[in-house]
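The values are calculated or read from the model by the stated rules, or taken from the named source; none is laboratory data. Everything quoted here is computed from the prediction, not taken from an experiment. Ideal geometry is used to build each Cβ from the backbone, glycine not excepted, and the neighbour counts take in all protein chains shown.
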Amino acid sequence: SQQGEEDPQALSIQEGENATMNCSYKTSINNLQWYRQNSGRGLVHLILIRSNEREKHSGRLRVTLDTSKKSSSLLITASRAADTASYFCATDAGGLSRLTFGEGTQLTVNP
Amino acid sequence: DTGVSQDPRHKITKRGQNVTFRCDPISEHNRLYWYRQTLGQGPEFLTYFQNEAQLEKSRLLSDRFSAERPKGSFSTLEIQRTEQGDSAMYLCASSFSSINEQFFGPGTRLTVL
């Protein structure tokens, strides 16, 4: 199984609702990053949270990290149709430079 | 545009042909990474450079694959004798250091017929 695993695999909500995506990982990390990917496009960096941080905000995004449970969550508040995309978490598993990604959560925000 | 750029954006080739992709990282970043992504999956690491030194290669990087970063700036990824299984999106990313954000380019979509 992969280092980063997102849950749920797919999420469909109405515009204005909040969306929460979860990520679990297996080995120790220095940081965890969340990315967004629109269909067929490159990855857009959303937020990086370090292992000594518990929560981080950026605009409508809120990320939490629980290193004891080896899990992270991404909350998008007041979702918009433009938030429709795949969301990936990525970890530097074991402190390595390369990132290990999960399979992503496909978020659909219905107008 | 000061982001990561990749060229070409799309490449269609016939099985057995060689292809080469180019990546230009963000100028002040000394680390450059290559990933591959197939449909419905997350990106998978291929290799990375710190300046011109190639420091790690994935087992996914068979001997048909070679990457270079000759002057520590842009990088090329070459696939020799392409196979249909090489069809994927090839993504390049760069970062200032190992503990900083990796920023991705738009990717090169390879289709092997």
Test each condition in (1) under 18 Å from B:PRO43 (Cα atoms); (2) small (Gly, Ala, Ser); (3) modelled with pLDDT of 95 or more for A:SER39 and report the one that comes out false.
(3)
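Rundown of residues vs (1) under 14 Å from A:LEU107 (Cα atoms); (2) out of contact with any Gly (no Cβ under 9 Å at 6 or more places or on another chain); (3) surrounded by fewer than 14 Cβ atoms within 10 Å (Cβ to Cβ); (4) not polar (S, T, N, Q), yes/no style:
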| site | (1), (2), (3), (4) |
| --- | --- |
| A:GLU5 | no, no, no, yes |
| A:THR27 | no, no, yes, no |
| A:LEU32 | no, no, no, yes |
| A:GLU53 | no, yes, no, yes |
| A:VAL63 | no, yes, no, yes |
| A:ASP66 | no, yes, yes, yes |
| A:LEU75 | yes, yes, no, yes |
| A:ALA82 | yes, yes, yes, yes |
How many residues, within the range B:83-102, are within 11 Å of chain A (Cβ to nearest Cβ) and more than 13 Å from the chain's Cα centre (by Cα)?
7
Residues that are within 14 Å of another protein chain (Cβ to nearest Cβ) and either assigned to a loop (DSSP other than H, G, I, E, B) or in contact with a helix residue (DSSP H, G or I) (Cβ under 8 Å, 6 or more places away or on another chain) (or both), drawn from the range B:47-82
B:ASN51, B:SER58, B:ARG59, B:LEU60, B:LEU61
Within the range B:11-46, count every residue that is facing chain A (nearest Cβ under 10 Å), part of a strand (DSSP E or B) and surrounded by fewer than 16 Cβ atoms within 10 Å (Cβ to Cβ).
0
Which of the residues belonging to the range B:31-76 are closer than 19 Å to B:PHE103 by Cβ and hydrophobic (A, V, I, L, M, F, W, C)?
B:LEU32, B:TRP34, B:PHE45, B:LEU46, B:PHE49, B:LEU55, B:ALA67, B:PHE74
